[in-house]
Ligand SMILES: Cc1cc2nc3c(=O)[nH]c(=O)nc-3n(C[C@H](O)[C@H](O)[C@H](O)COP(=O)(O)O)c2cc1C
């Protein structure tokens, strides 16, 4: 459970490579997230090619850390609001599991928002060859941390309501 607090958005990375074995553990953690009706409406793209990472970094000022990243995962979904109306929640659960497993393995990550910013995701979808009828939920940049961030210790009493709102 430590990983929940240790996980921070890491945007600076060393050159050290993420092994295929660790990448598989990370993907597997994502695939064991809860999913509405257990439909698992997602596909995961692993990106290691530096040119592709640089192209993705160029799509938005908030994606620049991809220039330094060792790898990234794109979380996509067929996003059929009739068949899989909870696809966004499902993709969010996959994403958080990925971040936590990466933290467990000492790998830094940053969640980079995608959908519903359709202008930004159109560029990313083109770079990654994602079909038109799919949405890009988010990108996750990954690499061994080259920055230290303090452990999270948040608790907001005002956000908690007992029995009724
Ligand atoms: C839906 C979502 C979208 C995000 N998009 C970005 C992004 O595009 N670029 C970025 O640097 N960080 C992004 N973040 C990371 C947040 O800035 C970060 O989680 C927040 O500042 C809290 O910091 P922490 O993750 O270190 O606890 C995003 C986080 C979420 C949940």
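No value in this document is a laboratory result; all are computed from the given coordinates. Because the structure is a prediction, the values reported are computed rather than measured. Neighbour counts run over all protein chains shown; Cβ positions are idealised from the backbone, glycine included.
What base-10 log of the normalised intensity I(q)/I(0) is obtained for segment 45-88 from the Debye formula, alpha carbons as equal point scatterers, at q = 0.23, 0.28, 0.33 Å⁻¹? Result of the Debye calculation: -0.73, -0.88, -1.11.
Explain nothing, just the number: relative contact order of the chain, from Cα pairs under 8 Å at least 6 residues apart, as a whole percent.
Working: 292 pairs, mean separation 59.2, N = 165.
After rounding, I find 36 percent.
Determine the gain in length on full extension of the stretch residue 123-residue 4; use 0.36 nm per residue of separation and subtract their C-alpha separation, reporting nm with one decimal.
Numbers: separation 119, 0.36 × 119 = 42.84 nm, distance 3.18 nm.
Difference between extended and current length: 39.7 nm.
Between segment 131-161 and segment 72-102, the C-alpha centres lie 13 angstrom from each other.
Quote the Stokes-Einstein diffusion coefficient, in whole µm² s⁻¹, for segment 12-98, based on the Kirkwood radius over alpha carbon pairs, a temperature of 4 °C and a viscosity of 1.567 mPa s. If you can, show how the numbers build up before the last one.
Numbers: Rh = 14.1 Å.
Translational D for this selection: 92 µm²/s.
Annotation: for a label point projected 7 angstrom from Cα along Cα→Cβ of residue 104, residues of segment 23-46 with backbone N closer than 15 Å are 23-34.
The GNM of the chain, with springs linking C-alpha atoms under 10 angstrom apart, assigns the highest mean-square fluctuation among 28, 150, 125 to 150.
Between residue 16 and residue 163, take the C-beta separation as r, use R0 = 41 Å, and let me know the FRET efficiency to the nearest 0.05.
Working: r = 50 Å, r/R0 = 1.21.
For residue 16 and residue 163, the calculated efficiency is 0.25.
Could you list log10 I(q)/I(0) for segment 2-147 at q = 0.20 Å⁻¹, which the Debye formula gives when each Cα is one point scatterer? Debye intensities relative to I(0), on a log10 scale: -1.23. Go ahead and set up a Gaussian network model of the chain, Cα springs under 10 Å, then flag whichever of 144, 134, 13 fluctuates most. Highest fluctuation of the listed residues: 134.
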